[in-house]
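Read through the structure below, which is laid out as structure tokens, and then see the notes.
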Amino acid sequence: MRILVTGAAGRLGGRLISALAANGHDVTGVDVVAAPNCAALDITDFAAARAATADAAPEVVIHAAAWTDVDGCAREPERAIAVNGLGTQNVALAAAAAGAAVLYISTNEVFDGRAGRPYREYDLPNPPNPYGYSKWVGERALAQVNPRHYIVRTAWLFAHGGRNFVQAILSAAQAGKPLRVVTDEVANPTYNDDLANAIAALVLTGRYGIYHFVNEGACSRWTLARYVLDRAGCADLPIERISIKQWARPSRPPLYAGLENLAGQQVGIALRPWQQAVDAFLAREGLLKQDGA
């Protein structure tokens, strides 16, 4: 299968290229800045997006490009819409012109966190912040433009070499910095490699629709931080419990935005529990201690 991946220089995009190529697909990558694996493409430029897609002649476009700086989106909401919303519309239109399906990476932050239970695929979004709103605009733009689409929502992604919560906790612990982590923000920690493998499986099904691909189970930020440090041999390192009101930031995330994977299970795609995913991540980093010792 011929596949075009946007955001190919990112952690998820790069992993997708590796996973798809290993499965025998003909993969082309693009990103806003050219890199060894990909050509340059600014998705906010419609003419450029259409030309790049026509040249690649894909059967599927996996749209992983996004502005994922949640606090940056809160400071510049119009830019967030331009990139995550209208940029996605450009990709969707270009794919439709090329006869290609689109798989779009979205977020749990399209939900407001007030349900008190994990969100299912067809629960109604109500984005609580500019980042979530911009990604929801992207979802709507794609659905209106290209009926052959997959929308994959995920949460709390952690990746090797990336800037993410798990890496931040490990770095702070290694630097001997005091740790203060919120107890009232809950979602699903999700391993980048597991998500890429699930997406690679999904594009083979032809089962278009909305999917929630997260590692199984939800937890608080504090619980995740505690588990990471315990498994990395830092069980004696204290973590102060705080509320989200004590952690000032430009963007307010939903308090309870766990996702439930119902649709994926129907096509045989399920991700392992988040604890196993964290262990696999730490093992590959050379940080996993047997029984946390």
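Summary of computed values
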| quantity | calculated |
| --- | --- |
| Every residue from segment 94-148 that is under 24 Å from residue 12 (Cα atoms), touching a strand residue (DSSP E or B) at 6+ places or on another chain (Cβ under 8 Å) and of a type in the set (Ser, Thr, Tyr) | 104, 106, 107, 119, 131 |
| Given (1) more than 22 Å from residue 198 (Cβ to Cβ); (2) of a type in the set (A, V, I, L, M, F, W, C); (3) assigned to a helix (DSSP H, G or I), number of the condition residue 115 does not satisfy | (3) |
| Condition check for residue 167: surrounded by 14 or more Cβ atoms within 10 Å (Cβ to Cβ) and over 14 Å from the mean Cα position of the chain (by Cα) | yes |
| Segment 53-66 residues that are touching a residue at least 24 places away in the same chain (Cβ under 8 Å) and within 14 Å of residue 87 (Cα to Cα), paired with ones that are acidic (Asp, Glu) and outside any loop (DSSP other than H, G, I, E, B) (beta carbon under 9 Å, 6 or more apart) | 65/31 |
| Residue match in segment 227-240 (condition: surrounded by 16 or more Cβ atoms within 10 Å (Cβ to Cβ) and under 20 Å from the mean Cα position of the chain (by Cα)) | yes |
| Residues of segment 241-293 satisfying the condition of being of a type in the set (Val, Ile, Thr) and in a helix (DSSP H, G or I) | 244, 278 |
| Segment 19-58, residues that are under 16 Å from residue 195 (Cβ atoms) and either modelled with pLDDT of 95 or more or among the hydrophobic types (A, V, I, L, M, F, W, C) (or both) | 19, 20, 22 |
| Residues located in segment 184-222, provided they are hydroxyl-bearing (Ser, Thr, Tyr) and crowded, with 18+ Cβ neighbours inside 10 Å | 190, 191, 211, 220 |
| Check on residue 172, surrounded by 18 or more Cβ atoms within 10 Å (Cβ to Cβ) and free of Cβ contacts under 8 Å to residues at least 60 places away in the same chain | yes |
| Test set (1) outside any helix (DSSP H, G or I); (2) in contact with a strand residue (DSSP E or B) (Cβ under 7 Å, 6 or more places away or on another chain); (3) surrounded by fewer than 20 Cβ atoms within 10 Å (Cβ to Cβ) - residue 43 fails condition number | (3) |
| Criterion violated by residue 274 - all others in (1) among the hydrophobic types (A, V, I, L, M, F, W, C); (2) touching a Cys at 6+ places or on another chain (Cβ under 8 Å); (3) closer than 24 Å to residue 6 by Cα satisfied | (3) |
| Among the residues listed as 53, 68, 28, the single one being among the polar types (S, T, N, Q), more than 22 Å from residue 164 (Cβ to Cβ) and either touching a strand residue (DSSP E or B) at 6+ places or on another chain (Cβ under 6 Å) or in a loop (DSSP other than H, G, I, E, B) (or both) | 28 |
| Pairs with Cβ under 6 Å, 6+ apart, first in segment 222-237 and closer than 16 Å to residue 187 by Cβ and of a type in the set (Phe, Trp, Tyr), second outside any loop (DSSP other than H, G, I, E, B) and at pLDDT 95 or above | 222/181; 222/241 |
| Unmet criterion (only one of (1) aromatic (Phe, Trp, Tyr); (2) under 20 Å from the mean Cα position of the chain (by Cα); (3) within 22 Å of residue 127 (Cα to Cα)) for residue 247 | (2) |
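The values are calculated or read from the model by the stated rules, or taken from the named source; none is laboratory data. Given the structure is predicted, the values throughout are model-derived calculations rather than measurements. Reconstructed Cβ throughout: ideal geometry from the backbone, glycine too, with neighbour counts over all protein chains shown.
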